[in-house]
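The values are calculated or read from the model by the stated rules, or taken from the named source; none is laboratory data. The shown structure was predicted, so the numbers you read here are calculated from the model rather than taken from an experiment. Glycine also receives a Cβ, built like all others from the backbone with ideal geometry; neighbour counts cover every protein chain displayed. Ligands, DNA and RNA are stripped out before the accessible areas are found, and what is left, the full protein with its side chains, is counted by its heavy atoms. Shrake-Rupley method; radii C 1.70, N 1.55, O 1.52, S 1.80 Å.
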Amino acid sequence: MSVLKYRVAGVVVESVETVRYTYRLRAGEGAVAALEAEWHRCRFLWNEAVHQQKSGSRPTFGKLSTMLTAARKGSSWLREGSHVTQQQMLRTDGAALNHSFTVKGRGRPTFKARKKTLPSLEYTRNGFSVRDSRLVLPKGVTVPVVWSRALPSEPTSVRIYRDSLGHWYASFVVGRETSTLPDARGGIGIDWGVSTVANTTDVRFVLRYAGHRKRCAAQLAKAQRKMSRRHRKGGKVQSNRYRDASREAARLHKKAARQTQHDSRVWARRVVESHATIAVEDFKPKFLAKSTMARKASDAAIGAAKRELLERGLRAGRKVVLVQPAYTTMTCSECFARNKRLDLDVRTFRCATCGHTAGRDWNAARVILAVAERGHTSVDDVRHWQSSSEVLVGAV
Ligand SMILES: [Zn+2]
């Protein structure tokens, strides 16, 4: 997200943020065929770029662009597609390659298999327009858009993609005036959990686990049983009935995920609106993802809530602090003494040093907030700082 100066109706607005606005597309049969054909051409170019990289010639983007122009001259199949999109695909590949060197954990770009990758096409400003509330793409392709909300400004680019359910979307990059939130005071500490998604220092902001996935678990299990019954072994082409069942399962998954996302958005908005400092346990979802379905679902809920909270908090200019989870449940929020590890079924924290008693989750949330308020990011940092200042006091 970047901030730049922008002119709206003659008034200079100091800050505009760049965001994505996504809309559902009602692509007709002809448009779907055209978009899919375009995707296969782009996929071919991506795979060609990956091949060039793997075979050791490592061409630059400029070189690839020249190669594309030459290839388009010789191939009517490539010429049927839009030059803008094809070039954009090579640019995306270049960016992915760069990230594989600079971003930790990112691998080199790999081949995009026909059956395994979902279509995604990028169009820059020259490559698309919006006319009569329809999205107009090169080569005479027009797609009706479901304008669920108005675009805040003229879009600078659009990504058109299909999800696992076969629905098409257009994601526009637009500039938007930064919405200013009212000034808030005070801080909040947030500790993630399994039965309660977010335990907070202020009980009004506790986020309970809504169980969207649990609610559709029976339906989901039914769809999955259908899938396994209809599955053809040995790499054979799957039947239409199998595909129906797998689409049903995917639909249920997506429905639950969307409900979870909606809940976390509403919650994150409330939290960000009324706090200046937001201290969040830096929870890594993969720790819980190994086991049962309930835990996976709660993992997903925590992931969604944390993502929304961080994004909204930073966008609103709040102080957002990620606190390491180590020792947060064992530490006393009053005197910062470290106690014995609490078993999972012990719900009350009792400090052996100062006798402070509190609910286990509430104490942990308070510790997280206290760490952030002292300008640190882990309980250990605070302890080290405290012991070193005690030495100083002793020396005086
Ligand atoms: Zn204590």
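Below are the figures for this structure:
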| read-out | value |
| --- | --- |
| Angle in degrees between helix 240-273 and the longest Cα principal axis of the chain, rounded to the nearest 10 | 50 degrees |
| Relative contact order of region 48-147, pairs being alpha-carbon contacts under 8 Å that are 6 or more residues apart, as % | 23 percent |
| Value of [θ]222 nm, deg cm²/dmol, for the chain, DSSP H segments ≥ 4, -39500 (n - 2.57) each, nearest 500 | -14500 deg cm²/dmol |
| Where only C-alpha atoms are counted, convex hull volume of the chain per residue in Å³ | 227 Å³ |
| Placed amide H near Val320: partners under 5 Å, 5+ positions off or other chain | Ile278 |
| Dipole axis of region 184-343 (+1 Lys, Arg; -1 Asp, Glu on Cβ), positive-most option in Ala249, Thr196, Val206 | Ala249 |
| Listed residues Met330, Met227 arranged by accessible area, highest first, probe 1.4 Å | Met227, Met330 |
| Cysteines, the chain, no other Cys beta-carbon under 4.7 Å | Cys42, Cys216 |
| Computed over the chain: relative contact order in percent, which uses C-alpha pairs under 8 Å that are six or more apart | 14 percent |
| For peptides 94-102, 379-387, 193-201, sequence by mean Cβ density within 10 Å, most packed first | 193-201, 379-387, 94-102 |
| Using a Förster distance of 45 Å, the FRET efficiency for Lys54-Arg134 (Cβ separation, nearest 0.05) | 0.65 |
| Peptides 210-219, 143-152 ordered by average Cβ neighbours within 10 Å, highest first | 210-219, 143-152 |
| Positive-pole candidate from Val103, Thr69, Gln88, dipole of region 62-115, charges at beta carbon | Val103 |
| Long pairs among Lys222/Lys254; Lys112/Lys139; Lys104/Lys306; Lys54/Lys112; Lys112/Lys236, criterion Cα-Cα beyond 19 Å | Lys112/Lys139; Lys104/Lys306; Lys112/Lys236 |
| Candidate aspartates and glutamates - alpha carbon under 13 Å from Lys284, same-chain residues fewer than 8 apart omitted | Asp191, Asp299 |
| Region 140-212: relative contact order as a whole-number percent, Cα under 8 Å and 6+ apart | 17 percent |
| Anchor Lys340: aspartates and glutamates whose Cα lies under 18 Å away (excluding residues fewer than 8 positions away in-chain) | Asp361, Asp380 |
| Local electrostatic count at Val266 - Lys and Arg +1, Asp and Glu -1, tallied over other residues with Cβ under 12 Å | +1 |
| For peptides 362-369, 135-142, sequence by mean Cβ density within 10 Å, most packed first | 362-369, 135-142 |
| Distance in nm between pseudo-label sites at Trp385 and Thr348 (7 Å out along the Cβ direction from Cα) | 3.2 nm |
| Percent antiparallel among DSSP beta bridges (both partners in the chain, rounded to 5) | 85 percent |
